[in-house]
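As structure tokens, the structure follows; a few thoughts come after it.
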Amino acid sequence: MAFPPHYFRQEEVLEALKKYWDKGMENAAVLERLHARTGVEGRYFSRPLEQYEALDTWGKTNDVWIETAVRLGEEALGGLLAETGLAAEKIGTIFSVSITGIACPSVEARLINKMGLPAHIKRTPIFGLGCVAGASGLARAADYVKAYPDEAAILLSVELCSLTWQRDNLSVPNLISSGLFGDGCAAVLVVGERLAKEMARKRTGGDVAKLGPRIVASRAIFYPESEEVMGWAISEKGFRIILSADVPTVVKKYLGGDMDAFLAGLGLTRAEIDTWIMHTGGPKVLEANAEALGLTREDFHLSWEALRRAGNLSSASVLMVLNDVMREHRPTKGSRSVLVAMGPGFCSEMLLLEWS
């Protein structure tokens, strides 16, 4: 994981937004109430709060996005390669995901140049999946290494949600998102079976050297006629959020049955899952997930904790929870986890993980 250097508590952000929305913010109490319900205590930001007012065009904002995305991407990817000891020539592909900015050449292309990575790396930049992209990117990386077992796939998620604020948008969805979403970057290594065995033989011991879980299977599910549930309305002003109050309803309607079908196809039930790695969608979404799956808040305690300390990082959120599980709450050998995220479409992606 990599984060910008600017971290602010929710109270500081709230005061800055009152000034940011000084025209038209007739009832600051509404903003205060919405922020208080997010479950967020603090977040990372791409710029100091006082500098956001100057970002008054999409062009200016996206320039900051590119600059910050490349810097965080280099930090996250460089740290990943150093920690795992992976030789760069083993990287067969990079999947880069984001929903908060655009770049052409894309971020991973700029990193290949900046970091001197091998020219043979295949690139797949993905835009439009939103929060689900952390899970979907992992699944696509796993698909790739099944075809190329001697290679590694990198998933790079860069989400700079603070750069999507809309000054003239005082809608409830925009006010909620201004208190919920934060900035961050994640890089994940997925290796093919033969490369994993090679890396295991070279391990020198220690927690850092441990390989992560095996991705056993994944399933993507699209919910028809749900386009207006979540997404962006994109104009010359940038990204205007679409965030329907129906998100928890959709979750409750579909997630339980879809999860049971996914697990049944693998000969499993929910009771045989030891750990749940859930995207930090927000309090109402996490509560809906728990209700749909017949689970408790404690089953998602790492997601609630990630939400508290960093907010919702869109596609990087579920990867942050996965990182916490791997580093601080690693399941025992043979344990199973399910990783789940949802996003625009409306859609979901779920992965079964098995720990070694």
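Within the stretch 206-233, can you find the residues that are at pLDDT 85 or above, farther than 17 Å from ALA133 by Cα and β-branched (Val, Ile, Thr)? The one that is at pLDDT 85 or above, farther than 17 Å from ALA133 by Cα and β-branched (Val, Ile, Thr): VAL216. The condition (being polar (S, T, N, Q) and more than 23 Å from THR84 (Cα to Cα)) is satisfied by just one residue among SER335, SER314: SER314.
Is there a residue being outside any helix (DSSP H, G or I) and among the polar types (S, T, N, Q) anywhere in the stretch 119-126? It would help to see each step written out before you state the result.
Of the residues in the stretch 119-126, the ones outside any helix (DSSP H, G or I) are 119-126.
Right, trim to among the polar types (S, T, N, Q) and you get 124.
The answer is yes; a qualifying residue exists.
Can you tell me which residue is surrounded by the fewest Cβ atoms within 10 Å (Cβ to Cβ) among those in the stretch 97-154 that are among the small types (Gly, Ala, Ser), under 23 Å from PHE45 (Cβ atoms) and within 13 Å of the chain's Cα centre (by Cα)? Per the criteria, the residue is GLY130.
For THR269, are the conditions met, namely being of a type in the set (Ser, Thr, Tyr), touching a Leu at 6+ places or on another chain (Cβ under 7 Å) and within 16 Å of SER337 (Cα to Cα)? The answer is yes for THR269.
Only residues that are of a type outside the set (Ser, Thr, Tyr) and under 16 Å from ALA153 (Cβ atoms) were counted across the stretch 110-131, and they come to 10.
For the structure I just gave you, tell me whether ALA292 is closer than 18 Å to ARG37 by Cα, in a helix (DSSP H, G or I) and either in contact (Cβ under 8 Å) with a residue 24 or more places away in the chain or among the aromatic types (Phe, Trp, Tyr) (or both). Let's see the steps before the verdict.
Details: closer than 18 Å to ARG37 by Cα: no; in a helix (DSSP H, G or I): yes; either in contact (Cβ under 8 Å) with a residue 24 or more places away in the chain or among the aromatic types (Phe, Trp, Tyr) (or both): yes.
For ALA292, the condition - closer than 18 Å to ARG37 by Cα, in a helix (DSSP H, G or I) and either in contact (Cβ under 8 Å) with a residue 24 or more places away in the chain or among the aromatic types (Phe, Trp, Tyr) (or both) - is not met.
Assessment of the stretch 173-191 against the conditions (outside any helix (DSSP H, G or I), over 18 Å from SER315 (Cα atoms) and touching a helix residue (DSSP H, G or I) at 6+ places or on another chain (Cβ under 9 Å)) yields at least one matching residue.
The set of residues in the stretch 270-284 that are in contact with a helix residue (DSSP H, G or I) (Cβ under 6 Å, 6 or more places away or on another chain) and not charged (D, E, K, R) comprises TRP276, ILE277, MET278, HIS279, THR280, GLY282.
Could you go through the stretch 305-327 and let me know if any residue there is in a helix (DSSP H, G or I), farther than 21 Å from ARG214 by Cα and among the acidic types (Asp, Glu). Talk me through it step by step, then tell me what you get.
Applying the first criterion (in a helix (DSSP H, G or I)) to the stretch 305-327 yields 305-310, 314-327.
Remaining after also requiring farther than 21 Å from ARG214 by Cα: 305-310, 314.
If we keep only those that are among the acidic types (Asp, Glu) too, we end up with 305.
Yes, some residue in the stretch 305-327 is in a helix (DSSP H, G or I), farther than 21 Å from ARG214 by Cα and among the acidic types (Asp, Glu).
What do you reckon, is ARG270 basic (Lys, Arg) and farther than 21 Å from GLY345 by Cβ? When the stated conditions are applied, ARG270 passes them.
Say we look at the stretch 33-62 and pick out the residues that are assigned to a helix (DSSP H, G or I) and among the aromatic types (Phe, Trp, Tyr); which of these is surrounded by the most Cβ atoms within 10 Å (Cβ to Cβ)?
TYR52
Among the numbered conditions (1) over 17 Å from ILE99 (Cα atoms); (2) touching a Leu at 6+ places or on another chain (Cβ under 8 Å), the only one that THR61 does not meet is (1).
Scanning the stretch 262-285 for residues that are touching a strand residue (DSSP E or B) at 6+ places or on another chain (Cβ under 8 Å), among the aliphatic types (A, V, I, L, M) and more than 18 Å from ALA135 (Cα to Cα) yields LEU266, LEU268.
The values are calculated or read from the model by the stated rules, or taken from the named source; none is laboratory data. Values in this document were obtained by computation on a predicted structure and should not be read as measured data. With ideal geometry, Cβ positions are generated from the backbone for all residues, glycine too; neighbour counts draw on all protein chains shown.
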